[in-house]
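A short write-up of the structure that comes next.
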Amino acid sequence: MEEELRNLIKVWISALISISYCYYISSKISKGVLRLLSLLPIFIIFLLLPLFFSSVHFCVISGFFFTWLANFKLFLFAFDQEPLSPLPSNLTRFFCFACFPIKINKNPSSNRIHNKPMSKWVLAFKLLIFSFLLHVYRNNYDSGLSRFAFLALFTIHVYLEAELILAFVGALMSMLLGCEMEPVFNDPYLATSLQEFWSRRWNLMVPAVLRPAVHIPVQRFCAPLLGLHRAFYAGMLATFIVSGLMHELIYFYVIRKSPTWEVTCFFLLHGVVTCLEIAMKRMRWLPTPHRAVSGLAITLFLLVTAGWLFYPQMLRNDVHKRVISECLLVID
C-alpha cells in the first residue's frame, strides 16, 4: 500500500506538470492541428499513468480521470471547444477542469426538476445501503448467493461507489473553486428508456465529452453521405463504440491482459438498441408504456446484458474479489 501511495504522488505530480505545459505553452499555439500536435506527448503520458498502479480503484480512477476525460477535454481544447475554452483565469482552475469529472452548474438558482444535487438524506441512505453491501461481503457472499443475485448486488455496489466518489470529488472541487458543480449521476434507477439512461442519468461527464468529441463530428461528416437522420444514428453508434473501447482500455489497466472485446460488444449492443428505440419513438409504432413497465424492462435489459457481456471478463480474472477486498481493507 505504501508503494501505491508513493506512485499516487508521482502520478499527480506528472499530471500537474503536464497540465502546466498545456496551460502555458499549448494554449499559446493557434487552435487546430498545430495545437493538437503539441498536445500529443500529454495524450501519451495520460495514457500511461494508470499503469503505475496495481490496485483496482487507483487504476480505474486514474484511467477515467486522465486517459478518458482529460485526454478528450484536451482534444476539444486543441480546437478551442469547451470545457477548457475560453482559457480559465489561472492554472488551478485549468487543472481542475481538465483532470476532474466536474462541470459548473451555470444556473445554480434555477428551480430544476432534473439533475438536482443529492440531498443529505439521500446521501445518508445510499451510505447505509453501501455499508449493508460491505456487511454482506464479509459473510461469505460467494457461497451463499446465486450468480444473478451477486451480480445484482455488485451492480448496486458499482453504482453507489462511483456516485459517492464522484460526489465527494465534486464537493471538494466546489469548495476549492468557489462554484456549484452539477451532479455526475441523476438517479439512473429512474430511467424509463436506454436513451434517458445513457444520455441524461448515468455518468453524465461521459456524454458531456463524447457528444462534442465524437457524436457531433461523426454526424457532420456522415450527413452529406447518409442524410441528417441516418447521420444522427451513425454519430450515436460511434459514441457507443468509443465508450466501449475506453472501457476495454480501463479493463486492460486493471487486468493487464489482451481485450476480449466483450465490453465493446456490450456498448455496441446498447448503441444499436438505443438507436432502434429512438427510431420507434419517432415513428410512433407502439404506444408509450407506463413508466413502471418501461423502467422495469430497462433495468432487466441492463442486468441481463451486463451479466452476459460486461461482467464475464471481470469475473474470470477475479476483479470483483479485488474490488471487495480493497473496500473492506479501507474500513478495517
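The values are calculated or read from the model by the stated rules, or taken from the named source; none is laboratory data. Please read all numbers here as calculations on a predicted model, not as lab measurements. Heads up, the Cβs are rebuilt from the backbone with ideal geometry, glycines too, and the neighbour counts pull from every protein chain shown. The accessibility values were calculated without ligands, DNA or RNA, using every heavy atom of the protein model including side chains. Shrake-Rupley method; radii C 1.70, N 1.55, O 1.52, S 1.80 Å.
Side notes on the structure shown:
- Qualifying residue in segment 60-74 (condition: over 25 Å from VAL319 (Cβ atoms) and within 18 Å of the chain's Cα centre (by Cα)): yes
- Extreme residue, farthest from GLU2 (Cα to Cα), among residues of segment 25-59 that are open to solvent by 30 Å² or more (accessible area, probe 1.4 Å) and either touching a residue at least 60 places away in the same chain (Cβ under 8 Å) or within 19 Å of the chain's Cα centre (by Cα) (or both): PHE43
- Residue match in segment 134-144 (condition: outside any helix (DSSP H, G or I) and either aromatic (Phe, Trp, Tyr) or closer than 20 Å to ASP318 by Cβ (or both)): yes
- Of the helices (runs of 4 or more DSSP H) that lie entirely inside segment 10-111, those containing 2 or more residues that are touching a Cys at 6+ places or on another chain (Cβ under 8 Å) span 33-48, 71-77, 91-99.
- Taken together, the criteria exclude PHE252 from residues that are among the aromatic types (Phe, Trp, Tyr), surrounded by 15 or more Cβ atoms within 10 Å (Cβ to Cβ) and touching a helix residue (DSSP H, G or I) at 6+ places or on another chain (Cβ under 8 Å).
- Taking residues in segment 209-238 that are on the phi < 0 side of the Ramachandran plot and of a type in the set (A, V, I, L, M), and partners anywhere that are modelled with pLDDT under 95 and open to solvent by 40 Å² or more (accessible area, probe 1.4 Å), the pairs with Cβ atoms closer than 7 Å and at least 6 places apart or on different chains are ALA234/LEU226.
- Boolean, TYR189 is touching a residue at least 24 places away in the same chain (Cβ under 8 Å), open to solvent by 50 Å² or more (accessible area, probe 1.4 Å) and of a type in the set (Ser, Thr, Tyr): yes
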